[in-house]
1. Could you size up the charge dipole of the chain around its Cα centre, putting +1 on the beta carbon of Lys and Arg and -1 on that of Asp and Glu, and report it in debye to the nearest 20?
2. Can you give the relative contact order of the chain as a percent, counting alpha carbon pairs under 8 Å and 6+ residues apart?
3. Rank 120, 21, 72 by how far each Cα sits towards the positive end of the charge dipole of region 17-130 (+1 on Lys, Arg Cβ; -1 on Asp, Glu Cβ) and give me just the farthest.
4. Quick check on the exposure proxy: order 154, 166 from fewest to most C-beta atoms within 10 angstrom.
5. Identify the residues of region 89-130 with backbone N under 18 Å of a label point that sits 7 angstrom from the Cα of residue 174 along the Cα-to-Cβ direction, or state none.
6. For residue 95 and residue 48, what is the calculated FRET efficiency with R₀ set at 22 Å and r taken between the beta-carbons, to the nearest 0.05?
7. Please give, to one decimal in nm, the separation of the simple spin-label points placed at residue 133 and residue 40, each 7 Å out from Cα toward the Cβ.
8. Ordered by residue, what ³J(HN,Hα) values in Hz, to whole numbers, does region 40-53 give under the Karplus form 6.51 cos²θ - 1.76 cosθ + 1.60, where θ = phi - 60° and Gly and Pro are x?
Amino acid sequence: MIAEITLDASHNLTETGIDVTERNFNAYETDLYEIRSKSEQHIRTDKLFKTYNNIQLKILPLIYKGKKKAYIVTGSKKTGMAVFGNDYRIDFDKDNKIVGVKRLHAEVTPIEYQNDNKEYNAIHIHTKYAGDAMTVTDVFTLLMHWKYSNWETHMVVSEDYLSVLHLRSKDLFL
């Protein structure tokens, strides 16, 4: 590793710490790197993964409570657009070998927004394939865009449920 950037919980860039001391990855960082690399290789060869014009797949490696996985989300190459859907999960064993791949949303839902200081609400729909509630990839996408979109709340409507995420407080209701 050639640099480490540290943000506080507010993600305020004025509170950013930068350490440029070169060092090797620790065990946790090595696992994250391997999960990301193996996910990238798998995406290139598995026809389950779909690509579209003006969007790109982003790999989010995660180790939580001993479970290793990578979430793959769709990001827009266009400013002012959040993309929901076309997302996946790759599961790994303790040795970072792929043990499962699942598509989370089959559809793609782009939502354009403007950063014009007005407050807005947004909504998208889940089919049965995506499940009844807002997914972890929905929450990730929302948290990445909410400060730029001025969304106060985002709702996901399924056949049986309504999920509402209040973005400022980060409270999720089902």
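1. Numbers: 23 positive and 24 negative charges, 121 e Å.
Value, rounded to 20: 580 debye.
2. It rounds to 13 percent for the chain.
3. Ranked along the dipole, the leading option is 72.
4. Details: 154 27, 166 13.
Result, fewest neighbours first: 166, 154.
5. Within reach of a label on residue 174, which here means backbone N under 18 Å from a point 7 Å along Cα→Cβ, region 89-130 contributes 104-105, 124-130.
6. 0.45
7. The answer from the label model is 3.3 nm.
8. Running phi through 6.51 cos²θ - 1.76 cosθ + 1.60 with θ = phi - 60° gives 4, 5, 5, 4, 5, 10, 8, 6, 4, 7, 9, 10, 9, 4 Hz.
Read-outs: derived from the displayed coordinates by stated rules, not from any lab. Everything quoted here is computed from the prediction, not taken from an experiment. Every residue, glycine among them, receives a Cβ derived from its backbone with ideal geometry; neighbour counts consider all protein chains shown.
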